[in-house]
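Remarks on the structure that follows.
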């Protein structure tokens, strides 16, 4: 693409923790105006977006994050999502500028599209295509339907009440799409882009559950030439950051691979990377899963109970192995994202295909009633017991 010439890092030096990470914002300020002038993103007035969202009516509120509140709206008949920067928010104007820059020059089916922005006075807003199914986080850790058989399974297997599970095939399809979006950033964008904020909350879903990476405020241009890393202040979400990045501040594309491994483990288990509502030994997903990750015979113990056993055992094992590879402590041991995509597509070629799919599962097409399947029992001795799934 050759579109980040003025955005590349100028020096490979460590930043002190107290020093603001302003390099991306400074370069963004030099680049945003030409891009916008060329029509890559529309500049809206604050009044335009106020009217579009019903003056930021609570009825149109759809979420909130580090950037600020998000509202749905309509502009020229097109549904959009409008993010309004909170003046006292965690993320600031540098992230706003970086995101405008990134999304005006990057384009891929698995990246969210930027419709436009507003930078009027003290107001900073971003306008995206509207993703009607919300975030992966809301579906993966969200509400369970009231289907009676699922309710019985909840009581018998400690599945959290109110959770609406994604079916296996949908989870794998989401994993493939996320990896393909990341592959575009690493292998097609020139120079490569390090996403740096991979997490379930930043994966948005279309009507057919097609995933798109969003929130590029923390993205960084990757190392170029002889450089092996970008030195920067450590930023990201707890649990998703690679240990080598946390310890050294040296950011590489392999940092994204570790975060992808965490996301894959969340898709497998239906558990958050950190969940304070669980018993203390289970609050950290990596700590809880470690005994199972080290023994192939226990891989099935990682499967989200809300899947009701509806998954191909061999494909589950393969997905666990890919997650383990991505989660290696040493970055040079982790795979490149292109190989991850190949592996995930191989898993997707082995879909779970029951005669009837549980109606409670979230998927683009779900119908029928639960089917009697057999899954490994959790009882000692590995006996197999019949369960409704």
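The values are calculated or read from the model by the stated rules, or taken from the named source; none is laboratory data. Since we're looking at a predicted model, the values are computed, not measured. Positions of Cβ are generated from backbone atoms using ideal geometry, with glycine treated the same way; all protein chains shown enter the neighbour counts.
Of the residues 258, 240, which single one is at pLDDT below 95, under 14 Å from residue 323 (Cα atoms) and in the same structural domain as residue 176 (by TED's automatic domain parsing)?
Details: 258 fails: at pLDDT below 95.
Answer to the selection: 240.
Being surrounded by 19 or more Cβ atoms within 10 Å (Cβ to Cβ) and either out of contact with any helix residue (DSSP H, G or I) (no Cβ under 6 Å at 6 or more places or on another chain) or not in a helix (DSSP H, G or I) (or both) is the filter here, so list the residues in segment 313-329 that pass it.
316, 327
I'd like the residue in segment 265-297 that is within 21 Å of the chain's Cα centre (by Cα) and assigned to a loop (DSSP other than H, G, I, E, B) and, out of all such residues, is farthest from residue 346 (Cα to Cα).
This residue is 276.
What is the number of the single condition among (1) within 14 Å of the chain's Cα centre (by Cα); (2) closer than 22 Å to residue 322 by Cα; (3) modelled with pLDDT of 95 or more that residue 205 does not meet?
For residue 205, the exception is condition (2).
Search segment 296-312 for residues being touching a helix residue (DSSP H, G or I) at 6+ places or on another chain (Cβ under 9 Å) and over 14 Å from residue 167 (Cα atoms), and hand back the single one that is surrounded by the fewest Cβ atoms within 10 Å (Cβ to Cβ).
296
I need the strands (runs of 3 or more DSSP E) fully contained in segment 4-86, keeping only those with at least 1 residues that are at pLDDT 50 or above and loosely packed, with under 13 Cβ neighbours inside 10 Å.
Numbers: elements: 61-64, 68-75, 78-85.
So the answer is 78-85.
Within segment 298-312, can you find the residues that are under 19 Å from residue 288 (Cβ atoms) and not in a helix (DSSP H, G or I)?
Result: 303, 304.
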